[in-house]
1. List the residue pairs whose Cβ atoms are under 6 Å apart, where the first residue sits in segment A:127-147 and is within 13 Å of chain B (Cβ to nearest Cβ), the second is away from ligand 2 (no atom under 16 Å from the Cβ) and of a type in the set (A, V, I, L, M, F, W, C), and the two are 6 or more positions apart or on different chains.
2. Residue check: is residue A:105 farther than 18 Å from residue A:37 by Cα, within 14 Å of chain B (Cβ to nearest Cβ), among the small types (Gly, Ala, Ser) and within 16 Å of ligand 1 (Cβ to nearest atom)?
3. Among the residues in segment B:230-245, are any in contact with a Leu (Cβ under 8 Å, 6 or more places away or on another chain), open to solvent by 50 Å² or more (accessible area, probe 1.4 Å), assigned to a helix (DSSP H, G or I) and outside the structural domain of residue B:156 (by TED's automatic domain parsing)?
4. Quick one: count up the residues across segment A:32-51 that are buried (at least 19 other Cβ atoms within 10 Å of the Cβ) and more than 13 Å from ligand 2 (Cβ to nearest atom).
5. Suppose we filter segment B:181-222 for residues that are part of a strand (DSSP E or B) and either more than 15 Å from the chain's Cα centre (by Cα) or of a type in the set (Lys, Arg) (or both); how many remain?
6. Could you list, in sequence order, the residues of segment A:58-77 that are in a strand (DSSP E or B) and more than 10 Å from ligand 2 (Cβ to nearest atom)?
7. What are the residues in segment B:31-70 that are of a type outside the set (A, V, I, L, M), touching a strand residue (DSSP E or B) at 6+ places or on another chain (Cβ under 9 Å) and surrounded by 17 or more Cβ atoms within 10 Å (Cβ to Cβ), if any?
8. State all residues of segment B:102-122 that are open to solvent by 20 Å² or more (accessible area, probe 1.4 Å) and more than 11 Å from chain A (Cβ to nearest Cβ); if no residue qualifies, say none.
Amino acid sequence: MTRINLTVDGSNVSDDVEPRMLLVQYLREKLGKTGTVIGCDTSNCGACTVHLDGVSVKSCNVLAVQADGHEVTTIEGLAQDGELHQMQKSFRECHGLQCGFCTPGMIMQSVDLLKNNPHPSEEEIRVGLEGNLCRCTGYHNIVKSVQHAAAQGGAQ
Amino acid sequence: MIPAQFDYLAPTTVEEALAALGQHGDDAKILAGGQSLLPVLRMRLNAPEVVIDLGRIESLRGIRDDGDAIVIGAMTQHSVVEHDPLVAEHAALISKAVEHLADHQIRHRGTFGGALAHADPAGDLGAPALALGAQFVIQGPGGSRTVAADDFFVDLFETAIGEDEILTEVRVPKHTGWGACYEKFVRVAHQWPIVAVAATVRVEGGTIAEAKIGLTNMGSTPLRARAVESALVGQPATEDAVRAAAAQAADGTNPPSDLNGEAAYRKHLATVLVRRAVLNASGA
Ligand SMILES: Cc1cc2nc3c(=O)[nH]c(=O)nc-3n(C[C@H](O)[C@H](O)[C@H](O)COP(=O)(O)OP(=O)(O)OC[C@H]3O[C@@H](n4cnc5c(N)ncnc54)[C@H](O)[C@@H]3O)c2cc1C
Ligand code: FES
Ligand code: FES
């Protein structure tokens, strides 16, 4: 077991974990943050995307011990004081989801995208979401959601 | 899905990491960004007893100007290399290749040194490193040594890095003012190429003065398309001249046949991609 101390969605947490525990497992199984989901075995789908020190990563491809001393934000930490993040509102507004399984990852990656490029073109949005797969929507409404969020100043 | 048990060490200096490697020998595995190693451990294709994480060694990160070369620390993330102005100015070929490597999330974690040490024949950084004549700085118990790109890639997933050694940085000779293009042919987005071509070209008054071309996934290691390189020298940067030279792109290669394509198909692809890459790099 290895002791880790980190910040998750603004709270300090500390646990003894097996070094082989993946960050996504830690979030879901130890912290009960099941908003972050696992969609594949190959680190392709992006459903598990969270922010590590402010940048997007696939939490199925990071060990919990690697996050020791760092800051993690999950989909559950985006809303502030009970108010949804603009990206969440835009996905709701523009029907950017159907089954919703890819949505936590899509939203986390979209937030990262706007942080670096507050006004992306459609092409830039599609390229920016390259590492996130959706089996339902055909992506059109996801792109619209990100455009909507950008227009609403969703980069924060 | 879950790796086998291992012990985890997180040294903060290269010396500590080397000592740990020395102590655990081939029971140990180095962890850089983990973007190739963790999938391998999850699929249980490998089960080291000890994992030595280089992630807390600050000295291995960063990019600096060193006269006639730029030096990229082994633990510098792909996303940092991608946006670095020194790399863009002096080794544009690397910027172009890394931009299309995997996806944003993977580029935030994966490292320059990790990708080169992994030596996947389909990896996107080997061909640019080879074409630019990169030098690999490798540290072991007896100190540091430098290995030329021509000697670094030994075989499939095998490099000149010894079991008790760590790749610390990569020196890339400056190619300031050279045009560059990485042509990557993929079946699906954000994945390894079926074939890719890394080309960097120095054009003088419409004539190709020098060309360096690396091939990805045309053999068990990255390869140089030397026949094309020499055929291009002195040629005008035109479609016809480049097409003629590019016909030799597959000379001396030994590409694999797999679900993505037969060897013959890859050889054909190489000629097409070399032509496109050279023309693009020449600004034609
Ligand atoms: C979904 C997905 C898509 C990808 N697509 C691409 C792609 O299109 N093109 C591409 O090129 N790559 C791709 N990759 C791989 C990616 O580039 C990895 O980041 C890279 O191959 C390994 O770098 P790393 O820092 O993550 O190294 P790790 O995974 O940590 O290590 C890789 C190997 O190198 C060894 N090693 C690492 N650093 C050192 C060092 N300093 N000294 C000695 N040994 C070391 C490790 O022991 C291990 O064996 C993809 C990965 C994923 C998961
Ligand atoms: S679960 Fe992490 S990428 Fe699919
Ligand atoms: S909404 Fe179902 S996978 Fe995207």
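The values are calculated or read from the model by the stated rules, or taken from the named source; none is laboratory data. Just so it is clear, the structure is predicted and the values come from calculations on it, not from any experiment. Note that each Cβ is placed from the backbone with ideal geometry, even for glycine, and that neighbours are counted across all protein chains shown. Just so you know, the surface numbers come from the protein's heavy atoms only, side chains and all, with ligands and any DNA or RNA stripped out. Shrake-Rupley method; radii C 1.70, N 1.55, O 1.52, S 1.80 Å.
1. Once the first residue is within 13 Å of chain B (Cβ to nearest Cβ) and sits in segment A:127-147, its partners that are away from ligand 2 (no atom under 16 Å from the Cβ) and of a type in the set (A, V, I, L, M, F, W, C) give A:128/A:113.
2. no
3. yes
4. Number of matching residues: 2.
5. The number of residues fulfilling the criteria is 12.
6. A:63, A:71, A:72, A:73, listed by residue number.
7. Matches in segment B:31-70: B:33, B:34, B:35, B:42, B:48, B:53, B:55, B:61.
8. B:114, B:115, B:117, B:118, B:120
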